[in-house]
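J.: Questions regarding the structure given below will be posed in turn.
The values are calculated or read from the model by the stated rules, or taken from the named source; none is laboratory data. Given the structure is predicted, the values throughout are model-derived calculations rather than measurements. Glycine also receives a Cβ, built like all others from the backbone with ideal geometry; neighbour counts cover every protein chain displayed. Areas reflect the complete protein model, heavy atoms only, side chains present, ligands, DNA and RNA absent. Shrake-Rupley method; radii C 1.70, N 1.55, O 1.52, S 1.80 Å.
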Amino acid sequence: MASDQELVRATACVIVDKLNSGEVTPLDLLDVLEKRIAEVDGQVNALPTLCFDRARTRAKALMKKPVGDRGPLAGMPIPIKDLTDVEGVLTTQGSPIYRDTIPARSDLVVEHLESSGGVIYAKSNTPEFGAGANTFNEVFGATLNPWDLSRSAAGSSGGAAVALATGMAWLAHGSDMGGSLRNPASFCGIVGMRPSIGRVAHTPIAKIDRNLGVQGPMARNVEDLALLLDAMSGEHPADPLSLPLLPASFLSAARSGKAPKRVAYSRDLGITPVDPEVAAITRKAAARFAEAGAIVEEAHPDLREAHECFHVLRAFDFAISKAALLRSRRDQLKPEIVWNIEEGLKLTVEQLERAEAQRVAMTARTLEFFKTYDLLLTPATIVAPFPIENRYVAECAGKKFDNYVEWLAIVYAITLVCCPALSLPCGFTASGLPVGLQMVAAPRGEAQLLAGAKVLEDILGLRGTTPIDPRIHSRPAK
């Protein structure tokens, strides 16, 4: 068997091949992860809840099956974001209200991952109820960025991104409403993808057709991301929005080598300030698509209503899902959660009508845009990783934001228009901090998105930058 260090650095696709060949077992991998977590998690606080006993029980049961019957993940260990229920495992949602909650049943997405051969061994840290793109909460504290421990890992899937970046996971589950898979991927130098609505089935909560938030995959590279998306995808009758599996796998799409013919780059989507260094790094990366024969132009769809639309629809989502907690446990909610819920409770039907109409209009314009362009490229975040003590980004490039979510417009605008999107590592700041390129395809265009992302990943040559050991100070990337 390969050494622990070799296994930690191996890709998920290589690990699955080793599982299928019998070179390693799921139990071997759990041993490697338990040792790696003991070595580094004390510095970054990414995986606050571990469930190795449960994982080993599940792994032993899986190993009784023939290798060919163990599913596409074949016994691959997976951490689950702490917003999502795992049967018998502490699930806090980052809230003191749920500090001691142990669910009796797993969410559909967890059940599906386990039926696909995934082995759950940990819960990854998240901000309270996933709100705010900085991973800290009163239950477990803050998750630190391994590239510079004084910096934020973003959020809300911050623990998952850090686990990947530090070699405490080969693949990870996350979720995304306003960039929660894409922002931490950008800050941590890994890949995170928001799939199309319905691509990954999950348990409906509070509203049967809630669709601002979706579940999705995170990995260290595009092929590994596609592998996990294949394992997560598929319809389920309990999720009426869920989509059936496609005839061809997403992994085959990622490996197809199919480059886009025409791509658009936008530094700001016309709606947000962007740090000049981040804009320069992402523009340079986007321009390199020309090396694959693609035409690269500066353009974006008209998304001018995104701020108003997202503010209203997000507030409504918080009201329908959390108003009962505001009434009964207000003193245990962080100020940002209270603000979100109260904003939702103040909404009128006319405001909701306007926001839904804005979303329809923006989506229609975006669909028209994708008749000309195969992909849309933007910065995944408008700033490099910021100091961990800052709860959020209050201003950028001289503009002060009106609220604590406005700095996320470059990702939440894409949420509103129902497109799949991922963050691909595309370079480093002068101080050695990662920068992500947001890549967007038309709705349900994950195959085209993954193919293009893999082509650009190969051109940029940054695959293999992670995992890293946590660092005290920023340093230029080699």
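J.: How much of the calculated P(r) for segment 386-465 lies past 20 Å, in percent of all Cα pairs?
T.: Everything past 20 Å amounts to 49 percent.
J.: On to the next question. Dipole of the chain, Cα-centred, from +1 at each Lys and Arg C-beta and -1 at each Asp and Glu C-beta, to the nearest 20 debye?
T.: 360 debye
J.: Counting only protein heavy atoms, what percent of the accessible surface of segment 7-60 is carbon or sulfur at a 1.4 Å probe?
T.: 47 percent
J.: Identify all aspartates and glutamates with a Cα-Cα distance to Lys284 below 20 Å; exclude those on the same chain that are fewer than 8 residues away in sequence.
T.: Asp268, Asp275, Glu297, Glu298, Asp374, Glu457, Asp458
J.: Treat segment 195-301 as a sphere of radius equal to its Kirkwood radius over Cα pairs and apply Stokes-Einstein at 20 °C in a medium of 1.002 mPa s; give the translational diffusion coefficient in µm²/s, rounded to a whole number.
T.: 129 µm²/s
J.: Okay, next question. If you find the alpha carbon centre of segment 305-352 and of segment 380-445, how far apart are they in angstrom?
T.: Between the Cα centres of segment 305-352 and segment 380-445 lies a distance of 22 Å.
J.: Grab the DSSP H runs of the chain that are 4 residues or longer, score each as -39,500 (n - 2.57), total them, divide by all residues and round the 222 nm result to the nearest 500 deg cm²/dmol.
T.: Mean residue ellipticity at 222 nm (helix-derived): -11500 deg cm²/dmol.
J.: What is the sum of charges around Val296, taking Lys and Arg as +1, Asp and Glu as -1, for the other residues whose C-beta is under 12 Å from the C-beta of Val296?
T.: Neighbourhood net charge equals +1.
J.: Per the 1.4 Å probe, what fraction of the accessible area of segment 338-387, in percent, lies on carbon and sulfur atoms?
T.: Using a 1.4 Å probe with all protein chains present, segment 338-387 comes out at 59 percent carbon and sulfur.
J.: Just subtract the alpha-carbon distance of Ser252 and Thr101 from 0.36 nm times their residue separation and send over the number in nm, one decimal.
T.: Working it through step by step, the gained length comes to 50.4 nm.
J.: Taking a probe of 1.4 Å, how large is the accessible area per residue of the chain, in Å²?
T.: 36 Å²
J.: Specify whether the C-alpha gyration tensor of segment 141-273 places it in the rounded, prolate or oblate class, a ≥ b ≥ c being the square roots of the eigenvalues: rounded for a/c under 1.5, otherwise prolate if a/b is larger than b/c and oblate if not.
T.: Rounded.
J.: If you take the Cα atoms of segment 227-373, find Rg, then find the Kirkwood Rh from the mean of 1/r over all pairs, what is Rg/Rh?
T.: 1.06
J.: Just the ratio, please: alpha-carbon radius of gyration of segment 1-122 over 2.2 N^0.38 Å, N its number of residues.
T.: Scaled against compact globular proteins, the figure is 1.07.
J.: Continuing with the same structure: I want the local charge near Asp458. Using Cβ-Cβ distances under 12 Å, sum +1 for each Lys or Arg and -1 for each Asp or Glu among the other residues.
T.: Result for the neighbourhood of Asp458: +1.
J.: Also, I was wondering about something else. Give, rounded to the nearest 20 debye, the magnitude of the charge dipole that segment 1-96 has about its Cα centre when Lys and Arg contribute +1 at Cβ and Asp and Glu contribute -1 at Cβ.
T.: Here the size comes out at about 280 debye.
J.: Follow-up question, since we're still on this one. When P(r) over Cα pairs in 10 Å bins from 0, in percent is calculated directly from the model, which label among (i) 4, 20, 31, 28, 13, 3, 1, 0, 0; (ii) 4, 21, 30, 24, 13, 6, 2, 0; (iii) 4, 22, 34, 27, 11, 1, 0 fits?
T.: Matching the structure shown: (iii).
J.: Further question on the same structure: So, with a 1.4 angstrom probe, what is the percent of accessible area on segment 257-333 that is carbon and sulfur?
T.: Solvent-exposed carbon and sulfur of segment 257-333 make up 50 percent of the total.
J.: More than 15 angstrom separation, counting every C-alpha pair in segment 1-58; what % is that?
T.: 52 percent
J.: Taking Cα pairs under 8 Å and at least six residues apart, what relative contact order does segment 83-184 come out at, in percent?
T.: Answer for segment 83-184 is 21 percent.
J.: Given the chain, what percent of its DSSP beta bridges are antiparallel, to the nearest 5?
T.: About 70 percent, rounded to the nearest 5.
J.: How big is the dipole moment of segment 381-445 about its Cα centre under a simple scheme where the beta carbon of each Lys and Arg is +1, that of each Asp and Glu is -1, and everything else is neutral? Debye, nearest 20, please.
T.: Magnitude of the dipole: close to 140 debye.
J.: Relative contact order for segment 402-478: what is it in percent, counting Cα pairs under 8 Å that are at least 6 residues apart?
T.: For segment 402-478, the relative contact order is 30 percent.
J.: Still on this structure: Considering only the other residues whose Cβ falls under 15 Å of the Cβ of Tyr404, what net charge follows from Lys and Arg at +1 and Asp and Glu at -1?
T.: Net charge in that neighbourhood comes out at -3.
J.: Something else: Can you classify segment 114-218 as rounded, prolate or oblate using the Cα gyration tensor, where a ≥ b ≥ c are the square roots of its eigenvalues, rounded means a/c under 1.5, and otherwise it's prolate if a/b beats b/c and oblate if not?
T.: prolate
J.: Applying 1/(1 + (r/R0)^6) with R0 = 30 Å to the Cβ-Cβ distance of Ile459 and Glu23, what FRET efficiency is obtained, to the nearest 0.05?
T.: 0.40
J.: Considering the options Val440, Met1, Gly198, tell which one lies farthest towards the positive end of the dipole of the chain, charges being +1 on Lys and Arg and -1 on Asp and Glu at the Cβ, about the Cα centre.
T.: The residue sitting farthest along the positive end of the dipole is Met1.
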